Amino acid sequence: MAQPYLRVEKLVKRFGPFTALSGVDLDVWPGEVHALLGDNGAGKSTLIKTLSGVHQPTEGQIYIEGKPVTFRTPRDAAAAGIGTVYQDLALNPLMSVTRNFFMGRELKGMFGMLKMDEMDKVAHDEMLKIGIDISDPGQAVGTMSGGQRQTLAIARAIHFGAKVLILDEPTSALGQKQQMEVLRTIKTVRERGDIAIIFITHNEIHSKLIADRFTFLSLGEVIGAGTKEELAGDDIRRLMAGGAEIEDLAQMLA
Ligand SMILES: Nc1ncnc2c1ncn2[C@@H]1O[C@H](COP(=O)(O)OP(=O)(O)OP(=O)(O)O)[C@@H](O)[C@H]1O
Ligand SMILES: [Mg+2]
């Protein structure tokens, strides 16, 4: 594969007089996890909302497989293979795994009858492929663990055509065991080789455990980027702190 699946060039996003993103570049390759890191207010959510068709860029260009694209709506972005799993996961805890999996995209037969058996099988099999075996897809999502819910939302995005899977802080609200479950799911998706993953996190250790490539945002600008090999451990720590050295931070405390 000679080009990234998704490329962002010189992306600018202004809200009125406020510049949330100023000239952001990003390349996302299939079979890779690209960690997007940065402090609160760095512009991570603004960037992914622009990639997902929620916001329109003020300037700059998005490319899919080398071709310039414009997403006027989230539907446009989804049709181009952008699958975004937001923090709230968009799941209904009272409904079953299967109903959540197909929400709004149900398989129907004659007279609009739901093909429940077929949908149960698809939901079960798609989740099994990325690492969890739900014995009863008829169970309510509210009975699943936080990690399993994340896996359900990821399996759903992949089933419905995501080529770029955008995960907004997938591990932030979970305990450690479940965090590791979710990281394993992400690794499994990466190993398929055909899906590019953007992994938004505040967690340095999680990013080091699974990311192949890193982009650091601070106040709307890219302050560092590179592959795991290019970025030594200390670099990652400094960039996580918005580019500050520990001496700078100590100065701020003094
Ligand atoms: N719709 C909007 N209108 C005006 N300003 C906005 C809007 N959305 C975001 N911003 C501003 O843009 C900046 C970047 O916000 P954004 O939510 O993208 O940061 P973030 O990196 O996702 O932060 P967090 O880690 O807290 O989620 C912030 O200063 C925010 O107040
Ligand atoms: Mg955010």
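We did not get these values from a lab; they are worked out from the coordinates using the rules stated. Everything numeric here is computed off the predicted structure, so don't read it as measured data. Virtual Cβ from ideal backbone geometry, glycine too; neighbours counted across all protein chains shown.
Annotations for the structure displayed:
- Net charge of the neighbourhood of THR227, taken over other residues with C-beta under 13 Å away and scored Lys/Arg +1, Asp/Glu -1, is -3.
- Here the 3J(HN,Hα) profile of the stretch 49-56, calculated from phi with Karplus coefficients 6.51, -1.76 and 1.60 at θ = phi - 60°, is 5, 6, 6, 9, x, 6, 10, 9 Hz, Gly and Pro shown as x.
- Those lysines that a straight Cα-Cα span of less than 16 Å connects to LYS121, excepting residues fewer than 8 apart in one chain: LYS108, LYS129
- Distance from the C-alpha centroid of the stretch 185-238 to that of the stretch 116-170: 24 Å, rounded to the whole angstrom.
- Over all other residues within a Cβ to Cβ distance under 13 Å of VAL54, the charged ones net out to +2, with Lys and Arg as +1 and Asp and Glu as -1.
- Whether the stretch 139-181 is rounded, prolate or oblate, judged on the alpha carbon gyration tensor where a/c under 1.5 counts as rounded: oblate
- Modelled spin-label separation between GLN87 and ALA241, with each label point placed 7 Å from Cα along the Cα-to-Cβ direction: 2.5 nm.
- By the count of other C-beta atoms within 10 Å, a proxy for reagent exposure, ILE48, ILE205, ILE223, ILE186 are ordered fewest to most as ILE205, ILE223, ILE48, ILE186.
- Label-to-label distance, THR19 versus GLU118, with points set 7 angstrom from Cα along the beta-carbon direction: 5.3 nm.
- Rg ratio (alpha-carbon, reference 2.2 N^0.38 Å) - the stretch 6-253: 1.06
- Cα-projected label distance for MET95 with LEU209, points at 7 Å along beta-carbon direction, nm: 3.1
- With a cut-off of 13 Å on the backbone N, the residues of the stretch 23-41 near the modelled label site 7 Å out from THR58 along Cα-Cβ are 23-24.
- Residues of the stretch 27-53 falling in the label zone of ASP248, defined by backbone nitrogen less than 16 Å from a point 7 Å along Cα to beta-carbon, are 38-40, 42.
- With the biggest extent put first, the Cα atoms of the stretch 8-112 measure 51, 32, 32 Å across the principal axes.
- Cβ-based net charge around ALA250, under 15 Å, with every Lys or Arg adding one and every Asp or Glu removing one: -1
- Using the Cβ-Cβ distance between ARG192 and GLU9 with R0 set to 30 Å, the FRET efficiency works out to roughly 0.65.
- The ranking of ASP194, ASP27, ASP235 by Cβ neighbour count inside 10 Å, starting from the fewest, reads ASP194, ASP235, ASP27.
- Value of relative contact order over the chain, rounded to a whole percent, pairs C-alpha under 8 Å and six or more apart: 27
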